[in-house]
Every structure is written in C-alpha cells, then in structure tokens.
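K.L.:
Attaching a single structure in structure tokens format; questions to follow.
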Amino acid sequence: MYTDLAIFAAIVFLYSIASGGLERTPFNGAIVYTAVGLAFGSLGLGLFSLDVSAEGLNTLAELTLALVLFTDAANADLAVLKKSFHIPQRLLLIGLPLTILLGFGAGVLLFGGLTLVEAAILATMLAPTDAALGKAVVSNESVPDNIRQGLNVESGLNDGICVPILFLFLAIATESNAQASTTALALTLVAQQIGIGVAVGVGLTLISAWLLKRSTERGWISESWRQLPVVALSLACFAVAQQLGGSGFIACFSGGLLFGGIAKKQKEAFLLAAEGTGDTLALITWVVFGGAVVGQAIGHFSWQVVLYAVLSLTIVRILPVFLSLAGMKLRTDEKLFMGWFGPRGLASIVFAVIVTDGHLPGGGPITMTVVCTIVLSIVGHGLSANSFVAVLASRIKRSG
C-alpha cells in the first residue's frame, strides 16, 4: 500500500509542476496518466500492487465524472449557450440515437457470438462522450464558442440519457421485464432518470447557492475552506439523485449550469479549487485504469474488438453528428471537428462495470471492446487535440 501511495504522490507532484508545459504538447492529461499506470503496472515494471475491485473503479470513475460535469457546466457561457442550444439539441435528439443504431449494426456484423440485445448494449455503452477527456477542447478559447458550448452540453447530458437506455436493454437481456411493456418501461426509466436528476440538481443548488451567498456576504467562509463547498455540492447532487432513482450525472450537470448562472460573482473562486480536485481524481482514475485494467486486457484484443473500436470512434460517431447538423450554418470542417471530438472515457467505464455485474453471456467481448475503445480514444483524441484545434482556428481565421 505504501509503495502505491508513494508512486501516486510522486505522479501527482511531478505532473502538477509540469502541467502547463505538457498541456501545450500532444502528450498531456489522460495519455500520461494511463501510460504511467501501464508502465508501473503488471505489464510494465510491476511496482504497482493495485488490487482494485470493479466496484472501487466504478466509484472512482463516478465521483470524478460527477465533479467534472458540475464544474464544466458551471463554467459554461449561458449567453452563448442560449443562442446555440440547437447544436447540442440536435446532437442529443438525432445524433445520439443514430450513434446507437450504427453501433448496433457494427456489433451485429462483427460479433457473431453476441445476441441482438447484447449488440445494442455495447452500442449504448460507447455512445456517450466524455467530459473529462474532452476538456482540452471545450476549454480552449481558440475553438468557436458555439462549438465548445455544444460539445460541453452534449457530453454533460448524453451519459445520463444513456443510463435508462442501458438499463432497459439489460432488463430485456436478463428477461426481468418479460411481463412488462418495453415501451412503457423505456418511457418510465427515461422520465425517472431525467426528471429526478434535474429536480435534485436544481433543488440542492438553489439552496446551496443561497447559503453560499449569505455566508460570503457576512465573511463567514475562511480562505482555507473555500475549496470545499462546490466539491461537496456536486457529490451531494450525484449521491442524492442516485439514491432516489434518478441520474446523478444529469443532477450534477443541471446543478452546475444553475450554479454558474446564479453565483456569477462568487463562482470563480469556488470553482477553481473544485476543478483542481476534479483534475486530481481524473489523474488517479486513469492511472488505476492503465495499471489495473489495460495491463490485463490488452492481450485479449481480437481483430473484431479493435475494428469495432476504430469504427466507434470514427464512422459510428462522425456520420451521425454530420447528419444531425445538416442544414445548420456550420462549415464542413466544423462538423467534422465536432464529430471527431467525441472521446469515450469515464461514462463507458461506469457502464462496463454495470454490465460486468449483469453476468451476460457476451460480457467478455463487450468489456474488452469498451476497454479497447477507451484506450484508442485516450491516445487518438489526446494526440490530436491541440493540432486539430490549431488547424480549425487557422481555417476559420482565413475564411473570416
């Protein structure tokens, strides 16, 4: 345990003092974290004695995603979002279903051993984009505001929307809903997840923001405690929503949007420390993922698994985005840019643990495909983020 702790501490310290420089290179964030985990894990030096259970990894990924969703939403420019909300609206209402449909088709063609429902489960697990991996793009001011806000809202909501869809397919696969109407079950799950999630996020944030404002006005919050309120609020939104049967991810995103809108004067100071906590949790998550998961899975990637992963990150993502944005005043390169930057990460890890616990006959290839897709996404989106942003900014500047 102490060896693992010492390595983690060294990694956090070294990345912290070099983060500014690394963020300007293709080798930053999750690429570095995962590579370090892989290097120190069983496939590399063997210095990590990581014995992380599926439940432990799931909890770590959930808490990281909850905090990242809240802070990203709180930092959203609501004025820009109001003008360009039709972009994430189309991505979620048209692009997301098309992505699941194309992913389902690819699964049926490539994995003969999967049932139709298992192919649908795989497609749903890899449909949501990752807010943490996409942060390098949505926080880069060289990217047009409408694109940044559109990708931010999409990544903030699509994982919460996919949760009830995944549960529906799992229920069908395990025949637990044999006597129930599939349509009725789907509508109930979606309404419950979204409705409770939004209600919890809005309710807790309204109360907390009011308390924070009053406390700040009276000078009751000391500087050393200023870093905790947003962290506590985001985790409370997640936990309460999950406990009540809603989507904790939607609760965090809706709560973050509201917090950013009503705590304008105080939010910068409160969010700065919370973002640091989120970055640290993300670092730990990806190191654990690299050391405990990738090292064990990498030898089990078949050609079908690799091909599906490549398709999932390219055609299965880009084509639906391109079609969903048809007719809008967006350049072709802007649509392709949005299609490419749909990284897969924390949400897919959470979904993989849920499916593993379901003990499906096709659970093995499904899990391997998810892990492979995440690994390729970490590498592909990480290496291309800065260069693709620079190219897009240059093209827009020349045309403008």
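Every read-out reported here was derived from the displayed coordinates using simple, explicitly stated rules and does not represent laboratory data. Everything quoted here is computed from the prediction, not taken from an experiment. Every residue, glycine as well, gets a Cβ built from its backbone with ideal geometry; the counts of neighbours run over all protein chains shown.
K.L.:
Is region 60-122 best put as rounded, prolate or oblate by its Cα gyration tensor, with a ≥ b ≥ c the root eigenvalues, rounded for a/c under 1.5, and otherwise prolate when a/b is larger than b/c, oblate when not? Don't skip to the end; give the middle numbers.
P.N.:
Details: a/c = 5.43, a/b = 1.76, b/c = 3.08.
Oblate is the answer for region 60-122, as a/c is 1.5 or above yet b/c matches or exceeds a/b.
K.L.:
Take the residue pairs K83/K335; K135/K264; K135/K213; K82/K335; K82/K329 and return only those whose Cα atoms are more than 24 Å apart.
P.N.:
Numbers: K83/K335 18 Å; K135/K264 21 Å; K135/K213 28 Å; K82/K335 20 Å; K82/K329 16 Å.
Flagged as over cut-off: K135/K213.
K.L.:
Based on the Kirkwood radius over alpha-carbon pairs, what value in µm²/s does the Stokes-Einstein equation return for the translational diffusion coefficient of region 43-149 at 4 °C and 1.567 mPa s? Don't skip to the end; give the middle numbers.
P.N.:
Numbers: Rh = 17.0 Å.
Using the Kirkwood radius from Cα pairs, D works out to 76 µm²/s.
K.L.:
To the nearest 20 debye, what charge dipole does region 20-136 have about its Cα centre, counting +1 at the Cβ of each Lys and Arg and -1 at the Cβ of each Asp and Glu?
P.N.:
On the way: 5 positive and 8 negative charges, 103 e Å.
The calculation lands at about 500 debye.
K.L.:
Please name which of L22, N75, Y2 has its Cα lying farthest along the dipole of region 1-134 towards the positive end, using unit charges on Cβ (Lys, Arg +1; Asp, Glu -1) and the Cα centre as origin.
P.N.:
N75
K.L.:
Further question: Counting other C-beta atoms within 10 Å, and keeping those with at most 12, which DSSP coil trypsin sites (Lys or Arg not before Pro) do you find in region 209-300? The partial results should precede the final answer.
P.N.:
On the way: sites: K213, R214, R218, R226, K264, K265, K267; in loops: R218, R226, K264, K265.
Within region 209-300, the qualifying trypsin sites (Lys or Arg not before Pro) (loop, at most 12 other Cβ atoms within 10 Å) are R218, K264, K265.
K.L.:
When the Karplus curve 6.51 cos²θ - 1.76 cosθ + 1.60 is applied with θ = phi - 60°, which whole-Hz ³J(HN,Hα) does each residue of region 249-259 get, with x for Gly and Pro?
P.N.:
5, 5, 4, 5, 5, 5, x, x, 4, 5, 4
K.L.:
Additional query: With contacts defined as alpha carbon pairs under 8 Å and 6 or more residues apart, what's the relative contact order of region 1-114 in percent? The partial results should precede the final answer.
P.N.:
Working: 23 pairs, mean separation 18.5, N = 114.
Here the relative contact order equals 16 percent.
K.L.:
Take the alpha-carbon positions of region 245-400, form their convex hull, and give its projected area averaged over all directions (one quarter of the hull surface) in nm². Each step should come with its number before you reach the end.
P.N.:
Values: hull surface 52.1 nm².
Taking the Cα atoms of region 245-400, their convex hull projects to 13.0 nm² on average.
K.L.:
Let me ask something else. Each residue of region 307-316 in turn: what ³J(HN,Hα) in whole Hz from Karplus with 6.51, -1.76, 1.60 and θ = phi - 60°, glycine and Pro shown as x?
P.N.:
Karplus values, whole Hz, x for Gly and Pro: 5, 4, 4, 5, 4, 4, 7, 10, 4, 5.
K.L.:
According to a simple spin-label model (label point 7 Å from Cα along Cα-to-Cβ), what is the distance in nm between D145 and F85?
P.N.:
1.6 nm
K.L.:
Calculate the translational D of the chain in whole µm² s⁻¹ from Stokes-Einstein, where the hydrodynamic radius comes from the Kirkwood formula applied to all Cα pairs, the temperature is 10 °C and the viscosity 1.306 mPa s. Write out the running numbers ahead of the final one.
P.N.:
Details: Rh = 21.5 Å.
This corresponds to a translational diffusion coefficient of 74 µm²/s.
K.L.:
What value, in deg cm²/dmol to 500, does the helix sum -39500 (n - 2.57) over DSSP H runs of n ≥ 4 give at 222 nm once divided by the residues of the chain? Walk me through the intermediate numbers first.
P.N.:
Details: 18 runs with 290 residues, N = 400.
The helix-only estimate for the chain comes to -24000 deg cm²/dmol at 222 nm.
K.L.:
Most exposed first by the Cβ proxy, i.e. fewest other Cβ within 10 Å, how do W340, W286, W220 rank?
P.N.:
On the way: W340 19, W286 29, W220 11.
Ranking W340, W286, W220 by Cβ neighbours within 10 Å, fewest first, gives W220, W340, W286.
K.L.:
Rounded to the nearest angstrom and ordered from largest down, what semi-axes does the equivalent ellipsoid of region 264-347 get from its C-alpha gyration tensor (root of 5λ)? Can you show the working numbers first?
P.N.:
Values: eigenvalues 172, 156, 9 Å².
So the equivalent ellipsoid measures 29, 28, 7 Å along its semi-axes.
K.L.:
Could you state the per residue volume, in Å³, of the convex hull enclosing the Cα atoms of region 178-325?
P.N.:
Values: hull volume 28.3 nm³, N = 148.
Per residue, the Cα convex hull of region 178-325 comes to 191 Å³.
K.L.:
Taking the number of other C-beta atoms within 10 Å as the exposure measure, put D4, D279, D159 in order starting with the fewest. Could the numbers behind the result be given before it?
P.N.:
Numbers: D4 17, D279 21, D159 27.
Exposure proxy ranking, most exposed first: D4, D279, D159.
K.L.:
Let me test this: with uniform point scatterers at the alpha carbons of region 92-145, what is the Debye-based log₁₀ I(q)/I(0) at q = 0.13, 0.25, 0.27, 0.30 1/Å?
P.N.:
Each listed q corresponds, in turn, to -0.44, -0.89, -0.96, -1.06.
K.L.:
Shape call for region 1-43 from the C-alpha gyration tensor, a ≥ b ≥ c root eigenvalues: rounded (a/c under 1.5), prolate (a/b greater than b/c) or oblate?
P.N.:
Details: a/c = 4.25, a/b = 1.52, b/c = 2.80.
Judged from the Cα gyration tensor, region 1-43 comes out oblate (a/c at least 1.5, b/c at or above a/b).
K.L.:
Between the alpha-carbon centers of region 363-397 and region 72-130, tell me the distance in whole angstrom.
P.N.:
Using only Cα atoms to place each centre, the spacing works out to 15 Å.
K.L.:
Please name which of V137, V350, V379 has its Cα lying farthest along the dipole of the chain towards the positive end, using unit charges on Cβ (Lys, Arg +1; Asp, Glu -1) and the Cα centre as origin.
P.N.:
V137
K.L.:
Another one. Hey, what's the Cα Rg ratio for region 308-393 versus the globular rule of thumb, 2.2 N^0.38 Å?
P.N.:
Relative to the 2.2 N^0.38 Å estimate, region 308-393 comes out at 1.27.
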